[in-house]
Amino acid sequence: MLLWFAGTAFAAMWFTFRDAAIDHRLVIVGSLLPGVIDGLYGQAWVLHTLSAPIVLLVMLMLVTIGRRHLRRLVLALPIGMFWHLVFDGVWMDTQLFWWPVTGLSFAETAVPASERSFSTVLALELVGLVALCWVWRRMGLTNSTRRRLFIRSGRLDRVITDPPTKSH
């Protein structure tokens, strides 16, 4: 599943943070990473645990001390991984989600998305497509200038994320 994770992560970032400066492309990559990597591995593994984005987040925080702009850029990746865990429902599998606290074994755990029926996957992908279309329009990406900004930097136009406040 690609559209489901890309669309929900992008929309969730907007609803949660409304941050024009974060690289939303990396949020999307982070939201796809656990499914792609663990999918290639053939089962849910480290990237489907809460430990993976936390460890990556801590490592990036340490590596980017004193480099604020780089930090702001790369922190989007573990944030996207957190969104994947939420929208994949990994938190419902206690042993996988809380690994290694619940033990070191993965016990052939399937990637959550692979256990869904075709009709469920299709429905989720359609919801993801709708979310991406909504985000595309809401973020003004139909405008070529805004679209170029997003493609080049992953950023959104501040006019969209920081609407003017009414003064009384």
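Each value in this text was obtained by applying a stated rule to the coordinates, not by laboratory testing. Note that this is a predicted model, so its numbers are computed, not measured. Using ideal geometry, Cβ is built from the backbone for each residue, glycine included, and neighbour counts are taken over all protein chains shown.
About its Cα centre, what dipole magnitude does region 3-157 give when the only charges are +1 on Lys and Arg Cβ and -1 on Asp and Glu Cβ, stated in debye to the nearest 20?
Roughly 1080 debye for region 3-157.
Quick one: net charge of Pro78's neighbours, Cβ under 14 Å, K/R +1, D/E -1?
+1
Exposed loop trypsin sites (Lys or Arg not before Pro) only (DSSP loop, at most 14 other Cβ atoms within 10 Å): please give the longest stretch of the chain free of them, not including the sites. Please report the intermediate quantities before stating the final value.
Values: sites that count: Arg18, Arg67, Lys166.
Value returned for the longest uninterrupted segment is 68-165.
Given the rule -39500 (n - 2.57) for each run of at least 4 DSSP H residues, summed and divided by the residues of the chain, what is its mean residue ellipticity at 222 nm, to the nearest 500 deg cm²/dmol?
My calculation for the chain gives -19000 deg cm²/dmol from helical runs alone.
Go through region 103-135 and name the GluC sites (Glu not before Pro) that are in a DSSP coil and have 13 or fewer other Cβ atoms within 10 Å of their Cβ.
Counting only loop positions with at most 13 other Cβ atoms within 10 Å, the GluC sites (Glu not before Pro) in region 103-135 are Glu108.
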